[in-house]
1. Would you point out the residue of the stretch 286-297, among those that are assigned to a helix (DSSP H, G or I) and in contact (Cβ under 8 Å) with a residue 12 or more places away in the chain, that is surrounded by the most Cβ atoms within 10 Å (Cβ to Cβ)?
2. Can you report the number of residues in the stretch 298-348 which are in contact (Cβ under 8 Å) with a residue 60 or more places away in the chain and assigned to a loop (DSSP other than H, G, I, E, B)?
3. Given the residues Gln138, Gln119, which is the only one that is closer than 20 Å to Phe25 by Cα, surrounded by fewer than 12 Cβ atoms within 10 Å (Cβ to Cβ) and at pLDDT 80 or above?
4. Within the stretch 280-298, how many residues turn out to be aliphatic (A, V, I, L, M) and within 10 Å of Leu331 (Cβ to Cβ)?
5. Limited to the stretch 187-226, what total is found for residues that are modelled with pLDDT under 95, more than 21 Å from Asp271 (Cβ to Cβ) and basic (Lys, Arg)?
6. Being surrounded by 13 or more Cβ atoms within 10 Å (Cβ to Cβ), within 27 Å of Ile343 (Cα to Cα) and modelled with pLDDT of 90 or more is the requirement here; does Thr229 meet it?
7. Only one residue in Lys191, Lys170 is free of Cβ contacts under 8 Å to residues at least 24 places away in the same chain and in the same structural domain as Thr212 (by TED's automatic domain parsing), so which one is that?
8. Looking only at the stretch 241-279, which residues are at pLDDT below 50 and crowded, with 18+ Cβ neighbours inside 10 Å?
Amino acid sequence: MEALLSFIGEIYQAPCRSEHWHHVFADLCRKLDAQAGGLYVEDHRHQGNHYTLVSHAPPLLAQALVREDATSERAFAGHIAMITKVFPHTASSYLPFDKGGRINLVLYRGFDMSPFTSQERQLLDTLLPHFQRALRIQQALQQARSFESTLWSTFSRLPLATLVLDHDNKVIYRNASARRLLAQHPALRLKGDQRLHVHHASESRTLFSMITHLQQSDSNDVEARNLATSLHHPDRNHPLTVILASLSETPLGAPASPAAPNGRVALYLADPASPLQCSPDSLIATFGLTQREAEVAIALANGLCLQEISDQQQLGKETIRSQLKVVFRKLGVKRQQDVIRLILSTAL
């Protein structure tokens with residue numbers, strides 16, 4: 001019993017480390033004097049994913065895993081110990097093979113060895129539910145990792161500079177916009193130990209007081225979810241704007257519960273003096289502007305006057321004025337302020 005419980009523990013370690021599955025099957029083969037072992041899974045609830053976990057399986061076993069049970073039994077003449085379980089049905093109108101999938105736990109012995117006994121088959125029947133639960137845990141972990149990867153990928157594409165701090169106030173993530181801003185704006189720097197350094201000591205105390213407040217506040221406290229402050233530097237005319245938000249909020253529909261203390265906090269940074277990072281191609285695709293018209297619109301959003309745009313584009317002022325009229329018509333606006341508002345509000 002002690003050895004069995006120890007082996008079951010090994011099964012539940014595998015979801016965290018996929019390479020551990022081969023160790024599990026190698027150990028199972030040693031315990032039951034088998035030449036090879038494998039687990040074949042069909043889960044049609046998730047786009048019909050099929051995958052096989054096999055330890056030292058000969059080609060004949062790999063072929064048997066994808067066949068019907070009766071075919072496998074005949075092929076190995078009793079030398080295959082196969083247990084089949086059907087997953088909960090997801091659509092009752094389908095055939096059993098397509099409804100929920102199955103799990104086949106397989107051990108193989110050569111024909112020069114004795115067949116599996118009923119006791120050994122019963123042991124596999126006992127182990128199979130643990131394999132099933134371990135696979136479900138692995139599936140949940142994979143989905144969580146995939147979701148987290150998608151979130152970080154989304155953050156990396158945001159034009160707004162974004163930082164994420166852990167419970168130790170260390171920067172564990174910064175997107176490309178944040179990297180550029182931290183390299184350019186002297187009011188906020190990232191030190192070698194991945195901690196933030198604020199130029200003014202009083203503003204530093206204010207910023208980190210807000211961070212601590214968000215880390216320790218109730219996740220459902222609306223007033224504490226988002227805070228804002230500004231960071232100044234004598235070499236800059238405009239302060240750096242910082243918006244803080246807790247990343248420990250309770251999902252919609254979940255029961256209210258206090259957030260874990262010292263959770264993660266996101267910092268969104270904006271430098272009013274930095275030029276608008278907007279791709280002309282985005283304006284061309286969205287509003288049907290030409291390359292020149294898109295460049296005029298971006299220059300206008302960056303605060304340039306007609307003469308400055310004329311100098312930048314090396315075109316006459318009247319030409320720029322004509323292009324701007326076309327921009328007005330295509331964007332459906334009548335004033336320069338509306339062009340700026342439209343570009344900023346569309347997050348392009």
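The values are calculated or read from the model by the stated rules, or taken from the named source; none is laboratory data. These numbers were taken from a predicted model, which means no experiment stands behind them. So basically every Cβ, Gly included, is an ideal-geometry build from the backbone, and we count neighbours across all protein chains shown.
1. So the residue we want is Val296.
2. Within the stretch 298-348, residues that are in contact (Cβ under 8 Å) with a residue 60 or more places away in the chain and assigned to a loop (DSSP other than H, G, I, E, B) number 3.
3. Gln119
4. Residues that pass the stated criteria total 3.
5. 1
6. yes
7. Every option except Lys191 fails the conditions.
8. Answer for the stretch 241-279, where residues must be at pLDDT below 50 and crowded, with 18+ Cβ neighbours inside 10 Å: just Ala259.
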